[in-house]
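The values are calculated or read from the model by the stated rules, or taken from the named source; none is laboratory data. This one's a predicted model, so the numbers in the text were calculated from it and none came from an experiment. All Cβ positions, glycine included, derive from the backbone under ideal geometry; neighbour counts span all protein chains shown.
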Amino acid sequence: MAGFPSLALLGLILIILGFILTFIAAMMMLLSGVRAHGKVGGGGLIMIGPIPIIFGTDRESVKILLVLSIILIVVALVFMLVLSQALLAR
């Protein structure tokens with residue numbers, strides 16, 4: 001069980017990095033909306049297991065989030081397969 005603390009630390013770092021990226025993206029969107037004085041679009045993606053819930057203000061946002069959700073599902077599946085193979089190899 002020597003690897004457990006390092007995995008817990010990695011998980012904590014990824015969660016903190018996610019919050020930081022979300023904050024930076026919100027600030028960038030706010031600043032671009034203030035400068036442009038135009039239409040601002042946005043959307044959100046909630047992953048509950050392998051099921052994506054996508055919402056957005058325009059079609060372009062939803063298309064981007066749909067592609068992102070497919071990429072996230074593929075990355076999660078690859079990560080699970082690699083991790084399970086590594087655990088079985090022990």
Q) Is there any pair with a first residue in region 71-84 that is assigned by TED's automatic domain parsing to the domain that holds Met47 and more than 17 Å from Leu7 (Cα to Cα) and a second that is surrounded by 11 or more Cβ atoms within 10 Å (Cβ to Cβ) and not hydroxyl-bearing (Ser, Thr, Tyr) whose Cβ atoms are under 7 Å apart and which are 6 or more apart or on different chains, and what are they? A) Leu72/Met47
Q | Among (1) of a type outside the set (D, E, K, R); (2) in the same structural domain as Leu7 (by TED's automatic domain parsing); (3) touching a Gly at 6+ places or on another chain (Cβ under 9 Å) - the single one Gly56 does not satisfy | A | (2)
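When only residues in region 61-90 that are of a type outside the set (A, V, I, L, M) and surrounded by 10 or more Cβ atoms within 10 Å (Cβ to Cβ) count, which is nearest to Gly42 (Cα to Cα)? Can you show your working first?
Narrowing region 61-90 to residues of a type outside the set (A, V, I, L, M): 61, 63, 69, 79, 84-85, 90.
Imposing the further condition that a residue be surrounded by 10 or more Cβ atoms within 10 Å (Cβ to Cβ) reduces the set to 61, 63, 69, 79, 84.
Working: Ser61: 6, Lys63: 11, Ser69: 15, Phe79: 29, Ser84: 36 Å.
Among those residues, the one meeting the criterion is Ser61.
Kindly indicate the residue of region 42-60 that is within 16 Å of Val75 (Cα to Cα) and in contact with a Phe, Trp or Tyr (Cβ under 9 Å, 6 or more places away or on another chain) and also surrounded by the most Cβ atoms within 10 Å (Cβ to Cβ) among those meeting that condition.
Selected residue: Leu45.
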Q.
Can you report the number of residues in region 4-41 which are under 21 Å from Val75 (Cβ atoms) and either touching a strand residue (DSSP E or B) at 6+ places or on another chain (Cβ under 8 Å) or modelled with pLDDT under 80 (or both)?
A. 0
